Amino acid sequence: MYRLKVKDHFSSAHYLRNYQGACENLHGHNWIVELVVEGEKLNEIEILIDFKDLKQILKDVLSQLDHRLINEHPYFKERNPSSENLARFIFEKVKERLKDYPNVRVKEVTVFETEKASATYSEV
C-alpha cells in the first residue's frame, strides 16, 4: 500500500450553533489541513498521483471555505461547522475530485483548528 500526504491551509470564520461557551460566538481560525490518500497500484510512470495534482485538488476544495463565514456555505446551513464536519466536507469533496484517478482513494483528512487541536475523518 502506498500513502501520500499533503498539507495546506485556509483562514475563515465560524460559530458553533447550540454550543455553550465562547465558540458559540463568531470567531476565526487559520486552519491547517492534512490530506492522506492511498492506493495499491502505481501508474505507468510509477507514481500514485502527482503531488502537484493532489495539492491542486486540495487547494481547489479549500478555496470554497477560504476567507468566508463557513456557516453560510450551503453544506453548513444545517450542519454545525465543527472541525469534525469540516474534515468530512473536505474528505467528500476530495473524494469526488479523485474519480479521475481510479487507483487513488482518500484515506483520511485531518483539520487543525489550532496547533494543539484537530479532528480527523475517514470512512474505514
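Every number here is computed from the coordinates shown, using simple stated rules; none is lab data. As the structure is a computational prediction, the values presented were derived from the model and not from experiment. Here Cβ is always computed from backbone atoms with ideal geometry, including for glycine, and neighbour counts include all displayed protein chains.
I'd like the projected area of the range 1-42, averaged over all directions, using the convex hull of its alpha carbons. Report it in nm² with one decimal. Mind dumping the intermediate values first?
Values: hull surface 17.8 nm².
In nm², the orientation-averaged hull projection of the range 1-42 is 4.5.
Given a cut-off of 21 Å, name the pairs among 7/41; 59/93; 55/77; 52/93; 41/99 whose C-alpha atoms lie farther apart than that in the structure shown. Show your work: numbers first, answer last.
Working: 7/41 23 Å; 59/93 11 Å; 55/77 27 Å; 52/93 17 Å; 41/99 15 Å.
Beyond 21 Å between Cα atoms: 7/41; 55/77.
Can you tell me the dipole magnitude for the range 2-121 around its Cα centre, using point charges on the Cβ only (Lys, Arg +1; Asp, Glu -1), in Debye to the nearest 20?
Computed about the Cα centre, the dipole is about 120 debye.
With axes computed from alpha carbons, what is the tilt in degrees of helix 83-97 against the longest principal axis of the chain, rounded to the nearest 10 within 0 to 90?
30
Have a look at 57, 119, 13 and report the one farthest towards the positive end of the charge dipole of the chain, computed about the Cα centre with Cβ charges (Lys/Arg +1, Asp/Glu -1).
The residue sitting farthest along the positive end of the dipole is 13.
On a full-extension model of 0.36 nm per residue, what is the gain between residue 23 and residue 105, subtracting their alpha-carbon distance, rounded to one decimal in nm? The partial results should precede the final answer.
Numbers: separation 82, 0.36 × 82 = 29.52 nm, distance 3.32 nm.
The residue 23-residue 105 span can extend by a further 26.2 nm.
Quick one: in the range 40-79, what % of C-alpha pairs are over 13 Å apart? Mind dumping the intermediate values first?
On the way: 511 of 780 pairs.
The share of Cα pairs beyond 13 Å in the range 40-79 comes to 66 percent.
Remind me, relative contact order of the chain in percent, using alpha carbon pairs under 8 angstrom and six or more residues apart?
On the way: 219 pairs, mean separation 38.0, N = 124.
RCO, the chain: 31 percent.
Could you sort 18-26, 46-54, 82-90 so that the peptide with the highest average Cβ count within 10 Å comes first and the rest follow in order?
82-90, 46-54, 18-26
Roughly how tilted is helix 51-62, in degrees to the nearest 10 and between 0 and 90, from the longest Cα axis of the chain?
Value to nearest ten degrees: 20.
Bin width 10 Å, alpha-carbon pairs only: give the P(r) of the range 2-121 as whole percents, running from 0 to the bin holding the largest distance.
All Cα pairs considered, the percentages come to 13, 45, 27, 11, 3, 0.
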